[in-house]
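Colleague: The following block contains the structure, expressed as structure tokens.
The values are calculated or read from the model by the stated rules, or taken from the named source; none is laboratory data. Given the structure is predicted, the values throughout are model-derived calculations rather than measurements. Every residue, glycine as well, gets a Cβ built from its backbone with ideal geometry; the counts of neighbours run over all protein chains shown. Ligands, DNA and RNA are stripped out before the accessible areas are found, and what is left, the full protein with its side chains, is counted by its heavy atoms. Shrake-Rupley method; radii C 1.70, N 1.55, O 1.52, S 1.80 Å.
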Amino acid sequence: MHWLRTELFATALAWTVAIAVPSASVPDPEATGDAAARPSCSRADLKRAWSCLSSGAEVYWPPSAEFDEYSERWSNLETPIANVTVLPATENDVVEIVRTASKCNIPFLAYNGVHGSITTLGRMDWGVAINLRKLSGVVVASDGQTATIAGGTNSKVVIDSLWDAGKQTVTGTCECVSYLGPALGGGHGWLQGHYGLIADQFVSMKVVLAGGTLKTIDASSDLWWAMKGAGHNFGVVTSVTVKVYPAVHQNWAIETLMFTGDKVQAVYQAANEHLLQNGTQPIDLINWSYWFNVPEIDPTGPVIEMYIIQEGVSAVDPAYTQPFRDLGPLSATPQSGSYRDMAGWVGISLDGPPCQNAGLANPRFPLYLTAYDPAAMQQAYAAFAAATNASSPFAHSLFMFEGYSMQGVEAVPAASTAYAWRADNLLVAPLVQYAPAGPARDQQAALLGNALRQILHQASGRAPNQMHTYVNYAYGTESRAEWYGHEQWRQDRLQALKEKYDPKGRFSFYAPAA
């Protein structure tokens, strides 16, 4: 991942821009147009209401450097706009912030890792931003079976805290992403082959509902089903108790193989045969790959970087790596270390490009598949190469392919959670990265991302309207069925829960379920 890290980080530094909305253009809540949407509270009312927040809470209004800092996002496309940013320091602070905003008919949005790039976030064009970063921490229960994780904790803090206690659980793979953000959409992770998705680890949670009431829920609640896959739509989770497990294996290994584009069909045929193995990828094995441009290595098109990761070994078994070495890679680099090294190996550690907020637009176009179609991969590669050449504004884009083990995911009954895609073996997504340049550029990026996704979807054999997508990577124009499942009963159940728990649609900015 060295070349990708160097190229994208240099570009990110060169393109860094301030993304906070100038104060003059932030709408005043007292002057919003639609009478039905008009707030019943002034700024002065909010300040009085929030005077009861804990001493550690912080409130920032524009113009201020702090407001700008806490408004910054990873993807600068259709970003939410707020009039005020609040950093709660306690659970009760969240209750008071949501209760006041709801009572005053003011939109609000809670976030932490700011990596959500879905365009529906842009529907929030004024309101209250609730930055949960101060609610951070992990407490392992005395029996060592569970841990309670505060709502604003990021994935690296969870990984490191549990590892130091000799424990682990399923978390997101990128170190700077929040723990709960991915979890509420299902959540993929390195350990899912053993234990299932991140959401499958939930035991109970404390959640602030739309009216500002705090509830503790578990499997006895009808809302539990929805929180495990569509949870962004129903509340602000202030803490969650999850299952944790002994850290059995201290050692992990990776082999990183780099290929030129002429090997694309051979590489993914080998992945099907030797890694995926007809949907029976070994539980200790993970395959990832990226396509990206490194002109110093290949000026004619993107390189393919294939990662083969194995648990509990000091070197990846040659049975998995030799078929790829036989294809004649540009390089093959073995490494060994611990679980905590994995994010760095694939370029998603805290100092990696995905963890830098550089003012770029980063829309993704996710798709689930059961296997690679080598011919379609060749077609997608050719289209990606043509659209991301050196003269293109999208030259620093990335195509991602994530192949986790699925045994633990498939072991959970499909109907038991709002997450709907337990039979799919692969998560793929073009990430179209560019410097913002207006609506025409945004439309060009959307056309490219959707075209790349469609090439692979058409080869999957699924009907045009039966696309399976990952809500945590979603672009925003996918249908609700493509986010949450095509079965009518799933849509009906989400609709009924939405009407019960959030009838006014307070939680409607992230892939709305109704």
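Colleague: Read through the list (1) more than 29 Å from Ile106 (Cα to Cα); (2) in contact (Cβ under 8 Å) with a residue 24 or more places away in the chain; (3) of a type in the set (D, E, K, R), then give the number of the only condition that Asp222 fails.
Modeller: Here Asp222 clears every test but (1).
Conditions tested, residue by residue: (1) closer than 19 Å to Gln433 by Cα; (2) in contact with a Cys (Cβ under 9 Å, 6 or more places away or on another chain); (3) of a type in the set (S, T, N, Q).
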site: Pro329; (1), (2), (3): no, no, no
site: Pro374; (1), (2), (3): no, no, no
site: Ala382; (1), (2), (3): yes, no, no
site: Ala385; (1), (2), (3): yes, no, no
site: Ala390; (1), (2), (3): yes, no, no
site: His396; (1), (2), (3): yes, no, no
site: Ser405; (1), (2), (3): no, no, yes
site: Pro413; (1), (2), (3): no, no, no
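Colleague: Related question: Regarding Leu121, is this residue of a type in the set (A, V, I, L, M) and more than 21 Å from the chain's Cα centre (by Cα)?
Modeller: Criteria not met by Leu121.
Colleague: Tell me which strands (runs of 3 or more DSSP E) are completely within the range 64-170 and hold 3 or more residues being on the phi < 0 side of the Ramachandran plot, open to solvent by less than 10 Å² (accessible area, probe 1.4 Å) and without any contact (Cβ under 8 Å) to a residue 60 or more places away in the chain, or say none if there are none.
Modeller: Filter on the range 64-170 gives 84-87.
A quick yes/no check of all residues on (1) small (Gly, Ala, Ser); (2) outside any loop (DSSP other than H, G, I, E, B); (3) open to solvent by less than 50 Å² (accessible area, probe 1.4 Å):
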| site | (1), (2), (3) |
| --- | --- |
| Gly229 | yes, yes, yes |
| Ala271 | yes, yes, yes |
| Gln281 | no, no, yes |
| Pro295 | no, no, no |
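Results for (1) touching a Ser or Thr at 6+ places or on another chain (Cβ under 9 Å); (2) within 30 Å of Trp225 (Cα to Cα); (3) open to solvent by less than 30 Å² (accessible area, probe 1.4 Å), shown as yes or no for each residue.
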| position | (1), (2), (3) |
| --- | --- |
| Ser391 | no, no, no |
| Ser397 | yes, no, yes |
| Ala411 | no, yes, no |
| Ala418 | no, yes, yes |
| Ala459 | no, no, no |
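Colleague: Taking Arg506, is it open to solvent by 30 Å² or more (accessible area, probe 1.4 Å), of a type in the set (Lys, Arg), touching a helix residue (DSSP H, G or I) at 6+ places or on another chain (Cβ under 7 Å) and in a loop (DSSP other than H, G, I, E, B)?
Modeller: For Arg506, the condition - open to solvent by 30 Å² or more (accessible area, probe 1.4 Å), of a type in the set (Lys, Arg), touching a helix residue (DSSP H, G or I) at 6+ places or on another chain (Cβ under 7 Å) and in a loop (DSSP other than H, G, I, E, B) - is met.
Colleague: Right, here's the next one. Test of understanding: among Pro374, Pro334, Pro353, Pro329, which residue is more than 30 Å from Gly166 (Cβ to Cβ), out of contact with any helix residue (DSSP H, G or I) (no Cβ under 6 Å at 6 or more places or on another chain) and not small (Gly, Ala, Ser)?
Modeller: Within the list Pro374, Pro334, Pro353, Pro329, the selection yields Pro329.
Colleague: Additional query: Looking at the range 377-394, is at least one residue among the aliphatic types (A, V, I, L, M), in contact with a strand residue (DSSP E or B) (Cβ under 8 Å, 6 or more places away or on another chain) and within 25 Å of His232 (Cβ to Cβ)?
Modeller: Within the range 377-394, none of the residues are among the aliphatic types (A, V, I, L, M), in contact with a strand residue (DSSP E or B) (Cβ under 8 Å, 6 or more places away or on another chain) and within 25 Å of His232 (Cβ to Cβ).
Colleague: In the range 231-260, what residues are open to solvent by less than 30 Å² (accessible area, probe 1.4 Å), over 30 Å from Arg480 (Cα atoms) and of a type in the set (Phe, Trp, Tyr)?
Modeller: Selection gives Trp252, Phe259.
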